[in-house]
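The values are calculated or read from the model by the stated rules, or taken from the named source; none is laboratory data. Source: prediction; values computed, not measured. Note that each Cβ is placed from the backbone with ideal geometry, even for glycine, and that neighbours are counted across all protein chains shown.
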Amino acid sequence: CTSVVTEDVNGNIYHARNLDFGLFMGWDRKNQTWTLTEKLKPLVVNVDLKRNNRTVFKSTSFAGYVGILTGIKPREFTLTMNERFNIDGGYVGILEWILGLRDGMWMSFLTRKVLENATSYEDARNQLALTKLLAPAYFILGGNQTGQGCVITRSRIDTLDVWEINMKLGRWYVLETNYDHWEKPFFLDDRRTPAMKCMNKITQANITLPTIYDVLSTKPVLNKLTTYTALMEVSTGRLESYIRDCPSPCTPW
Amino acid sequence: LHSEDCRTGMYPPKGPTFKRNVTWYTLNLDLPPNQRWTHVIKEKKAELAAMIQAIKDLANGFFHGKLLHLVDKELPLIVDTLPYPFNEEIKGIASVSEVPLGEVVLFNIFYEVFTV
């Protein structure tokens, strides 16, 4: 996955992501596609979750999947989640759950709970940083005011880091793939460098949802695992999603 | 690895990297949890079954049916330990889709399973 939260020169916050899933889940030699990735594409749905006939939040999700990986609470915050691979992974959390140690939260259930109940960017950030989890993760959170954008790096128990937009330091975006931002990505899976190169080429003065879509359309940021691209603008509550393809030549991940 | 120059002018989405738009649905949170996804699943029943079948085929290749036996027999027992309303929503999805409950549970805990 690749997620980015960015702020333009007028203080508007944009949040976008590519959802990549299905690595090593069957390779279709004839079509040069990942089997599971292709099976997931027809299940992608946009959902407007309402209570008392009013939108609580909106999400891009998979039919049959009740958790949330991409969501927007209009005028409040936006949230995406990226996988964080670790030896102390979710299977440990599942094992603990089966053994009756149930004080951790399932990842995508937490993101949905936050989107349903959190009342502000700060509230969402606190819930995402302080809740014990069953698996490590990256939470990418955007707010509705200048400087409100961060990547929360989580282990199952702790928050390892909160990396924020900081205009004073010239950090007008935060971009997360599937590696801790303070370490180099795996050399065979470096989507971060090309994505940042494209963001820097666009410059803050020209950043918009269409130019972010350009970044997320550049290989290998777009790759054979990319299921959908989602674009979000918190101030208007806009959520757009598009099912993607990556015709060969294209990186398998 | 195939890396290319930064793309420009890709929006509005079109061309070979754009497959299609995504359909909107409304989910009524005032409904009982087991009824909330009914209209979505009715429309996506075949696609959900096809995706689950793909997972089963892959799992069979690796574990010769033993994993699926575990999923169908043991995972339904987990559903009642999952937090409300997610457990009830999952039951509702399994009921409407006619996909075995354990397999719907597996799909919903995929993230935790695949973080290693």
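The single condition among (1) at pLDDT 90 or above; (2) more than 10 Å from chain A (Cβ to nearest Cβ); (3) surrounded by fewer than 20 Cβ atoms within 10 Å (Cβ to Cβ) that residue B:86 does not meet is (2). Count of segment A:186-210 residues, restricted to those that are over 27 Å from residue A:86 (Cα atoms), more than 8 Å from chain B (Cβ to nearest Cβ) and of a type outside the set (A, V, I, L, M, F, W, C), is 5.
Yes or no: segment A:63-72 includes at least one residue that is touching a Ser or Thr at 6+ places or on another chain (Cβ under 8 Å) and farther than 20 Å from residue B:108 by Cβ. Yes, some residue in segment A:63-72 is touching a Ser or Thr at 6+ places or on another chain (Cβ under 8 Å) and farther than 20 Å from residue B:108 by Cβ.
In this structure, residue B:66 does not qualify as within 30 Å of residue A:201 (Cα to Cα) and either more than 8 Å from every other protein chain (Cβ to nearest Cβ) or surrounded by fewer than 13 Cβ atoms within 10 Å (Cβ to Cβ) (or both).
Taking the criterion of being farther than 16 Å from residue B:70 by Cβ and in contact (Cβ under 8 Å) with a residue 40 or more places away in the chain, the residues of segment B:88-110 that qualify are B:88, B:89, B:91, B:92, B:93, B:95, B:96, B:97, B:98, B:99.
Residue B:61 meets each of the listed conditions (1) at pLDDT 95 or above; (2) in a helix (DSSP H, G or I); (3) among the small types (Gly, Ala, Ser) apart from (1). So which residues in segment A:187-218 are surrounded by 20 or more Cβ atoms within 10 Å (Cβ to Cβ) and not in a helix (DSSP H, G or I), if there are any at all? Residues satisfying the conditions are A:191, A:207, A:217, A:218.
Confirm whether residue A:232 is closer than 27 Å to residue A:76 by Cβ, of a type in the set (A, V, I, L, M, F, W, C) and in contact with a Lys or Arg (Cβ under 7 Å, 6 or more places away or on another chain). The answer is yes for residue A:232. Filter segment B:34-49 down to the residues that are in contact with a Leu (Cβ under 9 Å, 6 or more places away or on another chain) and facing chain A (nearest Cβ under 10 Å) and list them by number. Within segment B:34-49, B:36, B:37, B:40, B:41, B:44, B:47, B:48 qualify. If the condition is being among the polar types (S, T, N, Q) and part of a helix (DSSP H, G or I), then segment B:86-116 contributes B:87, B:95, B:97, B:108. Each residue in segment A:124-153 was checked for being assigned to a strand (DSSP E or B) and more than 24 Å from residue A:231 (Cα to Cα), and 1 pass.
In segment A:157-191, what count of residues is obtained for those that are in contact (Cβ under 8 Å) with a residue 40 or more places away in the chain and touching a Pro at 6+ places or on another chain (Cβ under 6 Å)? Residues meeting the conditions: 1.
Looking only at residues in segment A:77-109 that are within 10 Å of chain B (Cβ to nearest Cβ) and within 14 Å of the chain's Cα centre (by Cα), the one that is surrounded by the most Cβ atoms within 10 Å (Cβ to Cβ) is A:107. Does segment A:223-233 include one or more residues that are more than 20 Å from residue B:16 (Cα to Cα) and in contact (Cβ under 8 Å) with a residue 12 or more places away in the chain? Yes, the conditions are met somewhere in segment A:223-233.
Filtering segment A:60-76 to residues that are within 7 Å of chain B (Cβ to nearest Cβ) and either more than 17 Å from residue B:79 (Cα to Cα) or out of contact with any helix residue (DSSP H, G or I) (no Cβ under 8 Å at 6 or more places or on another chain) (or both) leaves A:60, A:63. The single residue among B:73, B:42, B:56 that is at negative phi, surrounded by fewer than 21 Cβ atoms within 10 Å (Cβ to Cβ), at pLDDT 95 or above and of a type outside the set (Phe, Trp, Tyr) turns out to be B:42. Among the candidates A:6, A:37, A:55, the residue that is more than 8 Å from chain B (Cβ to nearest Cβ) and in a helix (DSSP H, G or I) is uniquely A:37.
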